[in-house]
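Novice: Have a look at this one.
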Amino acid sequence: MERHTLLTLTLLCLLPRPSAAQNSAPEGVLNCCEGDVLFLLDSSGSVSSYEHSRMLSFLSELLLPFSLGEDQVRVGLLQVGTQPRLEFGFDTFNTQRGLQGALSNTKPLRGDTNTVEALRMAKERVLRPGTTGSAREGLPRVLVWLTDGVKPGDVIGPMTELQEEGVAVLVVSTGHGNYQVLRQVVSPPVENHLYFVDIDDMSIITEDLRDAIIEIIRAERINVHDISTTSATLQWRPVLSGLTGYYEIRFAPVLTGGMGGSGESGTGTSPSTGGSQYQRVTQPGDSSNARLTGLKPDTTYTATLTPESNEQAFNTLSVTFTTKPEVLSPAVVTVSESGQTSVRVSWGPLQPETVTSYHIEYSALPRGKLHAVTVGRTQNSTLLRGLQPDTTYLVTVSARHASGKERAMSVKVCTQEVTPALADLQLTTVGSDSVQVDWKGSVAGLRGYWLTWEEQQSSVPGQRSSLYLPPDSLSTRLTHLPPSARVCVSPIYRTARGEGLCCTAQFQSEALAYGYQS
């Protein structure tokens, strides 16, 4: 491998000035991401001082645009030598000035290329969440391996274990490494995560590698939820926490057409929305959401969020969403709690912000009397009473909207038929003077049954006998009945005895005495 002699002054000139850390950031990188990126840097004896300095210069340029910190990107550096060494962990630097200074002061280790031991350290001490200074739980983790490709060791197994634990692996080879080995250790897609480049031309892959890292650790910092026909909630990560400043929010329908200028007042023309009129609101620096109101139904909007602060520069974030189509209430009418004389009618959706009242009309079909009831805008059901049993009604629910519109929906409902308290009285003779009495009845609302029997054909009024049975009794046996005995069963209600059913039992022989047996 070609060796180069390097002057100290040359090394210092290769690294960028820390003070320019946030000023030359490519558009879209500041505040773009949240994740932990560990660089595995080969600094063994096979890597010359010149090559080591070029790798450090490459890392400096690669990382310069990123926003660093607990809610941003965190960076660690682990060097490979005979005894691998963690130069700094994820919790070391929150500013570009500190990171760039550390890179400029990093010295090579020399010795053997003990990559396998370095990977063990990376896995157990850095990339596995749960220990002080290690990767954060639930956030993307990335390992970027910079190697000259000389005798890396058996790295396929350790790299596979890292990937199985959710770590994305990227590789940059500056030498003649084994392509088949390296393509096995990188995370897919290989074409975006494996780079072969000459040590003097590393800058040509800076943007591509940075984009590949961003794609993995990009943070969704703005989203929209609770979308309705006329409103939506914009939510973002509070990047201004601890800083002085505010959030500027602009939103407007997405239209096709010419470009317009921007405004600073409540409304203006936004170039990002095709020249349409935008609405502008501001939120304090400690806020993380805002309710966007006054939207149009079934319309696509673009909302932009710009964190404004004199202490730090932030990118403008944007999101596109579509409001729900307008559904005028009532869109659905349902029936429940159907009884003999009442039924509950419900409707939806409930729209108290646009509906002034609901008007319910109902009449028996085909030509019954029309009844009506009006309820408030916050009510979505009502119980219709005084209906006729076993009858079909046409019910119409109308919503009167504040806009002057009125929407109605009709539904047919049927009340339940009246179930008789008892029915199907049957007498079955048993022997010459006994009868089995059976009937069908409804227990609901009954206090019991009253049975009576007497001789039917005698010219002299016979003795009438009676018996009370509880409401859950639907049969009994009467014995010692007279010939041609008439048996009646009547329902007993809370205030009176209802109309009963009667049957006559015919026997072949006469009996002088009679009685009953329950």
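The values are calculated or read from the model by the stated rules, or taken from the named source; none is laboratory data. In this text, all values refer to a predicted model and were calculated from it rather than measured experimentally. Here the Cβ positions follow ideal geometry from the backbone for every residue, glycine too, while neighbour counts run over all protein chains shown. Areas reflect the complete protein model, heavy atoms only, side chains present, ligands, DNA and RNA absent. Shrake-Rupley method; radii C 1.70, N 1.55, O 1.52, S 1.80 Å.
Novice: Fully extended, how many nm does the chain gain between THR354 and GLN426 (0.36 nm per residue separation, minus their Cα-Cα distance)? Mind showing how you got there, number by number?
Specialist: Values: separation 72, 0.36 × 72 = 25.92 nm, distance 6.20 nm.
Once the chain is fully extended between THR354 and GLN426, it gains 19.7 nm.
Novice: Rounded to the nearest 10 degrees, what's the angle between the helix 49-63 long axis and the longest principal axis of the chain, both from Cα atoms, 0 to 90?
Specialist: Once rounded, the angle reads 40 degrees.
Novice: What are the radius of gyration and Dmax of the chain, computed over its Cα atoms and given in Å?
Specialist: Every Cα atom of the chain included, Rg and Dmax give 43.5, 144 Å.
Novice: Which ³J(HN,Hα) values, rounded to whole Hz and listed in residue order, are derived for the range 366-383 from phi using the Karplus coefficients 6.51, -1.76 and 1.60 in 6.51 cos²θ - 1.76 cosθ + 1.60 with θ = phi - 60°, glycine and proline given as x?
Specialist: Coupling constants for the range 366-383: x, 9, x, 5, 7, 10, 8, 8, 10, 10, x, 6, 8, 9, 10, 6, 8, 9 Hz.
Novice: Skip the ligands, DNA and RNA, and give the accessible area per residue of the chain with a 1.4 Å probe, whole Å².
Specialist: On the way: 25970 Å² over 518 residues.
I get 50 Å² per residue for the chain.
Novice: Just to be sure I understand the model, the point goes 7 Å from the Cα along the line to the Cβ. What's the resulting GLU117 to THR341 distance in nm?
Specialist: About 9.4 nm separates the two model spin labels.
Novice: Tell me the volume per residue, in Å³, of the convex hull enclosing the alpha carbons of the range 106-227.
Specialist: Numbers: hull volume 19.1 nm³, N = 122.
With only Cα atoms used, the range 106-227 gives 157 Å³ per residue.
Novice: What's the ranking of 79-90, 100-111, 154-165, 37-48 by average number of surrounding C-beta atoms within 10 Å, highest first? Walk me through the numbers on the way to the answer.
Specialist: Working: 79-90: 19.2, 100-111: 17.5, 154-165: 15.3, 37-48: 23.3.
Put in order of decreasing packing, that is 37-48, 79-90, 100-111, 154-165.
Novice: For the pair HIS225 and HIS371, how long in nm is the line joining their label points, each one 7 Å along Cα→Cβ?
Specialist: Result for the modelled spin labels: 4.5 nm.
Novice: Which of the lysines could a cross-linker span from LYS405 if the Cα-Cα distance has to be under 28 Å and same-chain partners fewer than 8 positions apart are dropped?
Specialist: LYS296, LYS324, LYS369
Novice: Using unit Cβ charges (K, R positive; D, E negative) and no other charged atoms, how large, in debye to the nearest 20, is the dipole of the chain about its Cα centre? Display every interim value, and only then the final one.
Specialist: Numbers: 41 positive and 51 negative charges, 371 e Å.
Rounded to the nearest 20 debye, it is 1780 debye.
Novice: Just tell me which aspartates and glutamates come within less than 16 Å, Cα to Cα, of LYS412; anything on the same chain fewer than 8 places away is out.
Specialist: Filter leaves GLU337, GLU361, ASP390.
Novice: Report Rg(Cα)/(2.2 N^0.38 Å) for the range 144-194, keeping two decimals. Walk me through the numbers before you get to the answer.
Specialist: On the way: Rg = 10.1 Å, N = 51, 2.2 N^0.38 = 9.8 Å.
Output field value: 1.03.
Novice: In what sequence, highest mean first, do 141-148, 430-437 appear when ranked by Cβ atoms within 10 angstrom? Numbers along the way, then the final one.
Specialist: Working: 141-148: 24.2, 430-437: 17.2.
By packing density, highest mean first, the sequence is 141-148, 430-437.
Novice: Moving on. Please report, as a whole percent, how much of the solvent-accessible surface of the chain comes from carbon and sulfur atoms (probe radius 1.4 Å). Working shown, then result.
Specialist: Working: 12250 of 25970 Å².
The C+S portion of the solvent-accessible surface of the chain is 47 percent.
Novice: Moving to a separate point now. Beyond 21 Å, what share of the Cα-Cα pairs of the range 297-447 remains, rounded to the nearest whole percent?
Specialist: Working: 7367 of 11325 pairs.
When all Cα pairs of the range 297-447 are counted, 65 percent exceed 21 Å.
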